[in-house]
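Chemist: Let me give you the structure first, and then I'll get to my questions.
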Amino acid sequence: MQQVLVTGGAGFIGSNFVHHLIAATDARVIVLDKMTYAASPAALEGLPADRFRLVVGDVADAGTVGPLVAELTGPDDAVVHFAAESHNDNSLRDPSPFIQTNIVGTFVLLEAVRAHDVRLHHVSTDEVYGDLELDDPARFTETTPYQPSSPYSASKAGADHLVRAWVRSFGVRATLSNCSNNYGPWQHIEKFIPRQITNVLAGTRPRLYGAGANVRDWIHTEDHSSAVRTILERGQIGQTYLIGADGERSNIEVVRLILQLLGRDPDDFDHVTDRAGHDLRYAIDSSRLRAELGWSPAYTDFEAGLAATIDWYREHRDWWEPAKEAVEAGYAARGQ
Ligand code: NAD
Ligand code: DAU
């Protein structure tokens, strides 16, 4: 039976991937997660005990990572590396855990898969490419030069470079993917879409950074998971794949849509202090993944996906409400 070690498997996307893998394959899954503030133990409830194990530990700790990777002795066994500090605003306040987890953690993992000759898939972000002008006809491709803007995206870019160097210099069997902005259930309420939904549900107004003209390219997290599985199964070693679902929307459009779907006046939001160094636009060209590996997204209707996500947050108040006050106090202290 195939075994897959999923780092960061208690987070928003990692936990979705764990459920996806258990449902779509007969693999046995080991999650390694430090259980930071961003982890959701509840997202891993109900998984079959004979196919799932949670190890609480740090991906940057070689003493934890080495023995776990050593367990992966089957020909199809693999590591899928999601573990990261993932929020740009936090990286502006304190970059240190981003360097430690995202760069040192990836280094430690690379040394372990090198030592034990285990296949790795490294999960990264489109933010490594910097940003595009609003009217730029080009989108990000696998050959776009790296130009990260924030401590978060710079740390992810550093990790990507390490993975490519370990492939070339040491023959590590790794693939990489860079995905656009995810939305869906279990996303931490510090992030844009869940923050605005839960603001409205909590009776406060959505908060838009600056004018809200910034564009993000939205993809449902289920589609990210199916793309990562496709790359894990059929991707070419050493290759990078961009994952996106043609979901470009300005932030102001998204806020208005959330308000409208919740039956509120679409102008019932506040403009707040902009993010320092705020990237203007991300847009993904996922042609390689579609043409070479035959992947396509299932969630092509953003409004329907957003409506279902709103329903999920409405039905899971017990999950997000305890964190809401502290998250909003942090934003308020920064004028956001
Ligand atoms: P998240 O913050 O929701 O989850 C991250 C998980 O990693 C948490 O469970 C956390 O406890 C764990 N973690 C953090 N530090 C750790 C450490 N040192 N050791 C072990 N576990 C640790 O993040 P997410 O949004 O699910 O993102 C997952 C991955 O996908 C990240 O690598 C991120 O860069 C990438 N990504 C995210 C998006 C997005 O839109 N959210 C888009 C593209 C790529
Ligand atoms: O592009 C992929 C990246 O998407 C991932 O690598 C990151 O892990 C993920 O967090 C996300 O980064 P962003 O910075 O784009 O996401 P965030 O949800 O923080 O913000 C989305 C947009 O909304 C961005 O332009 C900032 C804006 N924003 C955000 C918040 C929290 C607001 O206008 N108001 C807010 O309250």
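Chemist: Show me the ranking of peptides 198-210, 39-51 by mean Cβ neighbours inside 10 Å, starting with the highest.
Modeler: Numbers: 198-210: 17.5, 39-51: 13.8.
Listed from highest to lowest mean packing, they are 198-210, 39-51.
Chemist: Same structure, new question: Once the Cα gyration tensor of the chain is diagonalised, what are the square roots of 5 times its eigenvalues, in whole Å and ordered largest first, as equivalent ellipsoid semi-axes? Each step should come with its number before you reach the end.
Modeler: On the way: eigenvalues 197, 95, 75 Å².
Three semi-axes, in Å: 31, 22, 19.
Chemist: In the chain, with Lys and Arg counted as +1 and Asp and Glu as -1 at Cβ, which of these residues, HIS278, SER169, SER91, has the Cα nearest the positive end of the dipole, that is, farthest along it?
Modeler: The residue sitting farthest along the positive end of the dipole is SER169.
Chemist: Could you sort the peptides 171-182, 2-13 by per-residue average Cβ neighbour count (10 Å cutoff), highest mean leading?
Modeler: 2-13, 171-182
Chemist: Something else now. Hey, got the dipole for segment 170-249? About the Cα centre, +1 on K and R Cβ, -1 on D and E Cβ, debye to the nearest 20? Can you show the working numbers first?
Modeler: Details: 9 positive and 7 negative charges, 51 e Å.
That gives a dipole near 240 debye.
Chemist: Further, regarding this structure: Please turn the phi angles of segment 278-283 into ³J(HN,Hα) values with the Karplus equation 6.51 cos²θ - 1.76 cosθ + 1.60 (θ = phi - 60°), one per residue in order, whole Hz, x for glycine and proline.
Modeler: With coefficients 6.51, -1.76 and 1.60, one gets 3, 4, 7, 8, 10, 7 Hz.
Chemist: I'd like the distance separating the alpha-carbon centroids of segment 301-330 and segment 230-285, in whole Å.
Modeler: The distance from the Cα centre of segment 301-330 to that of segment 230-285 comes to 16 Å.
Chemist: Tell me whether segment 115-268 comes out rounded, prolate or oblate; compute the Cα gyration tensor, take square roots of the eigenvalues as a ≥ b ≥ c, and use a/c under 1.5 as the rounded threshold.
Modeler: Prolate shape, in that a/c is at least 1.5 and a/b is the bigger ratio.
Read the figures in this text as sums done on the coordinates, not as results from a lab. Source: prediction; values computed, not measured. With ideal geometry, Cβ positions are generated from the backbone for all residues, glycine too; neighbour counts draw on all protein chains shown.
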